[in-house]
Amino acid sequence: MRDLLFDRIILCWVPITSGLCLAAMWKKGLLGVIPAFCWYLGLQMATSAIGLFSLSNSQAYWDLYWIASVFGYICEAAVAWQLASRVCESVKNEMNCVMRTTGLICAVLCFSIGVVSARKISFSMVNEPANYFLQIDLAFDEARVLAMSAILTLTCVFRLSARSIPFKLSLYLSIFSATSLAARAVQEFAATLSDSRLIFMIADLAPLILWCILITAFGFEVLAIYATPPREGFGRTASGEILETLERH
Amino acid sequence: MVSAIIQALLALALMGGAISVFVLSQKQKKETWKMLLSKVNTENCHLASLSYGCIFSEGLQCASDRLWSQMGRTQGLYAIYANVGVLLRVLEYLETISINNASVISSIVRAKRKARITRFEVICISMWAVTWMYQGSFREQLGRLCDNYFTVIATVSILIQDEFPDLLDAYREEFGSI
């Protein structure tokens, strides 16, 4: 009963914080920067709200969890792809085809490592379909950590501005991905202990709580720091014209 | 148990990376012009050896083999990578102090794009260098990299001279003359 109450509180918090973040991005006109992220926030709002009502019915909640996870994977993969494209925007025109091929190879590699690693683990406390699902979930978590590591490295190579949205988002998503995987590792460790219920529950809820905190912080940063960028090509200086000549050269 | 340890290590590595990137970005916000200038590497970038045929005259004229040895091979590549990183931070600094000037900001944005391409090219060339394939595309890319490197340096110099002449005093103090 106490667990359910806590779950309800967290499930209430997720759509509220996601909605606030979405509203902040909409207010600053940033919905088009990484559209997949906005879709992801919308999906989270919807699934948490539905989950809140189906919490008392375990079968319905489990079915919803399945569907939400599948859509979540698709959205997260799209967010990672768009984030990587934004981070590499400067060099995209120079070597578009090479970048895409490299990105695809990296994505496949990350997921393959995740699958190979997750296949070695068996969740004995659940039945066979749920075991497969948990393995896919774990594979995706590992792939996400690898992908976010690559994206974070790219932000350092291209020295993205600390004020830019792709930089901030990659930073927050990296922290979230790392915490999720760490929580899974804690859960696996807890499974070997005799009385692990409390550790298991904390590790289960910690990523969700952190997600709410991070997404709220991101929303506030968007509101407080981000100013509408100036129009490119508005007005010209002598140096601007010389620079264009140099670029043509 | 082993997989749990691997997962924990992966998570720790990413968390450590994210925290260090965050700390660096916070430090970057407090950087002054003098601090930035002190980071420019003048010893190892071999500017003097490269600049005799720079883009202001008729482009880089020397052969790629000579260019490769003059720039100090992989050491020169690293110096270019590090220097362009500092120049990117300089551009970032210029962007923060020219917040209301739209035309200057658009020039800075273009310069930043060029600098990022240069850093990416350094990585590509480093990969070629690691495989010891100093032929064809490698030579072409090396020439293009040096061209881009000069463009970035020239762009930043022109921007500072035209739009931020006050900053030149600190530059003179640091390096003697321009």
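Within the stretch A:127-159, the set of residues being closer than 18 Å to residue B:15 by Cα and touching a residue at least 60 places away in the same chain (Cβ under 8 Å) comprises A:140, A:144, A:147, A:148, A:150, A:151, A:154, A:155. Within the stretch B:83-133, the set of residues being among the aromatic types (Phe, Trp, Tyr) and either part of a helix (DSSP H, G or I) or touching a Phe, Trp or Tyr at 6+ places or on another chain (Cβ under 8 Å) (or both) comprises B:93, B:120, B:128. Per the conditions (1) in contact with an Asp or Glu (Cβ under 6 Å, 6 or more places away or on another chain); (2) at pLDDT 85 or above, the sole criterion not satisfied by residue A:239 is (2). Screening the stretch A:135-173 for residues that are farther than 19 Å from residue A:88 by Cβ and of a type in the set (Val, Ile, Thr) and picking the one that is surrounded by the most Cβ atoms within 10 Å (Cβ to Cβ) gives A:145.
Only one of the numbered conditions (1) modelled with pLDDT of 75 or more; (2) within 14 Å of chain A (Cβ to nearest Cβ) is violated by residue B:59, and that is (1). Quick check: is even one residue across the stretch A:164-175 more than 10 Å from chain B (Cβ to nearest Cβ), under 13 Å from the mean Cα position of the chain (by Cα) and under 30 Å from residue A:26 (Cα atoms)? Yes, that holds for at least one residue. For the stretch B:5-25, which residues satisfy the criterion of being more than 20 Å from residue A:203 (Cβ to Cβ) and at the interface with chain A (Cβ under 7 Å from one of its Cβ atoms)? Hits for the stretch B:5-25 are B:17, B:21, B:22, B:25.
The values are calculated or read from the model by the stated rules, or taken from the named source; none is laboratory data. Bear in mind that the values here come from a model prediction, so they are computed numbers and not experimental data. Backbone-built Cβ (ideal geometry, glycine too); neighbour counts: all protein chains shown.
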